[in-house]
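FYI, it's all coordinate maths here, none of it is from the lab. Computed from a prediction, not measured in an experiment: that's the story for all the values here. When we count neighbours, we look across all protein chains shown, and the Cβ atoms used for this are built from the backbone with ideal geometry, even at glycine.
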Amino acid sequence: MKLLPIIFLATALSAGNLPPDTGSYFARGCQQFSAGEFPDAAQLFYKSAEISPAVGTLLNLGLAEWRRGRAGAAILAWERAGWMDPFDTRVTADLKFARETARVDAPQLKWFETASTWLPPDAWAWLAAGSLWFGVALLMLPGIIRRRVAGWQQTLAALSFGIFLFSLAANAGVISRGQIGFVLKRNALLTLTPTREGEVVATLAAGEPARKVRARGDFVFVRATAGSGWIERTAFQQICER
């Protein structure tokens, strides 16, 4: 597959600040990538990401997977990088290029899922807790020190509770968005029953998004643009596996 040079330049990182084992895997992965050994590079980046997930590692993992012709795995790696850091423009550039080349769509998000992409997942939890206790403190502390609640305190408390309610919706979006996954294999079969002999509902392209509904044995029931049905576990993986 053709690959724009800007994607490689955007994902070339140093292993200097990584933990010892992680840095070793990362550095060896870069060496293997430079040598054109993309499968080996991908495996080393996988090991590095397992020990210490990092945006740079996932970006390079996606690049290695893309160069070895695995568009689905590349898109998944870049989506996971975006999950960790939604502000990284390299992720946006890589995903846009990959989807245009592979001719697959981005996941269709509900409004609260879109809101959840504005900050890292953990940030929404902290924002919910912080805004709630800040609002409570503004209303409770004047009474504790035997003073009346001022107008500005009421206004700030109302704003804090508004942020709290919005962050609750965003946290729900984080949970819901975590059920989204991507097809890893080319021409993956979506069947009516969780068996390899089931009637085929649709054929999904590598990198195509779908939502996990439930799992049974070696199969996962998903909802995709082409329809709903069962797909083999090995052919589908979620952004966030809990």
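Efficiency by 1/(1 + (r/R0)^6): what FRET value for Ala35 and Arg214, r their Cβ-Cβ distance, R0 = 35 Å, to the nearest 0.05? Don't skip to the end; give the middle numbers.
Working: r = 43 Å, r/R0 = 1.22.
Efficiency for this residue pair is about 0.25.
Decide, for the stretch 78-169, between rounded, prolate and oblate: order the square roots of the alpha carbon gyration tensor eigenvalues as a ≥ b ≥ c, take rounded if a/c falls under 1.5, and otherwise choose prolate if a/b is larger than b/c, else oblate.
prolate
Going Cα to Cα from Lys185, which aspartates and glutamates come in below 13 Å? Please leave out same-chain ones fewer than 8 positions away.
Glu65, Glu208, Glu232
To the nearest Å, what is the center-to-center distance of the stretch 114-192 and the stretch 92-110, using C-alpha atoms only?
Measuring centre to centre over Cα atoms gives 27 Å.
What would the Debye formula give as log10 I(q)/I(0) at q = 0.13, 0.25, 0.29, 0.32 Å⁻¹ for the alpha-carbon point model of the stretch 112-166, no solvent?
Log10 I(q)/I(0), no solvent term: -0.38, -0.91, -1.07, -1.18.
For every helix of n ≥ 4 consecutive DSSP H residues, a contribution of -39,500 (n - 2.57) applies; sum these over the chain, divide by its total residues, and give [θ] at 222 nm rounded to the nearest 500 deg cm²/dmol.
-18000 deg cm²/dmol
Relative contact order, percent, of the chain when contacts are C-alpha pairs under 8 Å separated by at least 6 residues?
The value is 15 percent.
Using a 10 Å cut-off on Cβ atoms, rank the peptides 85-92, 207-214 from the highest mean neighbour count down.
207-214, 85-92
Is the C-alpha gyration tensor of the stretch 29-134 telling us rounded, prolate or oblate? Criteria: a/c under 1.5 is rounded; beyond that, a/b larger than b/c is prolate, otherwise oblate.
In terms of gyration-tensor shape, oblate.
May I ask you to compute the full-extension gain from Leu165 to Trp133, defined as 0.36 nm times their residue separation minus their alpha-carbon distance, rounded to one decimal in nm?
10.3 nm
Contact order normalised by length for the stretch 66-145, with contacts defined as Cα pairs under 8 Å and 6 or more residues apart; what percent is it? Provide the component values of the computation, followed by the final result.
Working: 30 pairs, mean separation 22.0, N = 80.
RCO, the stretch 66-145: 27 percent.
Just to be sure I understand the model, the point goes 7 Å from the Cα along the line to the Cβ. What's the resulting Glu50 to Thr89 distance in nm?
The answer from the label model is 3.5 nm.
For the chain, what's the radius of gyration and Dmax over Cα atoms, in angstrom?
In Å, with Rg to one decimal and Dmax whole: 21.9, 74.
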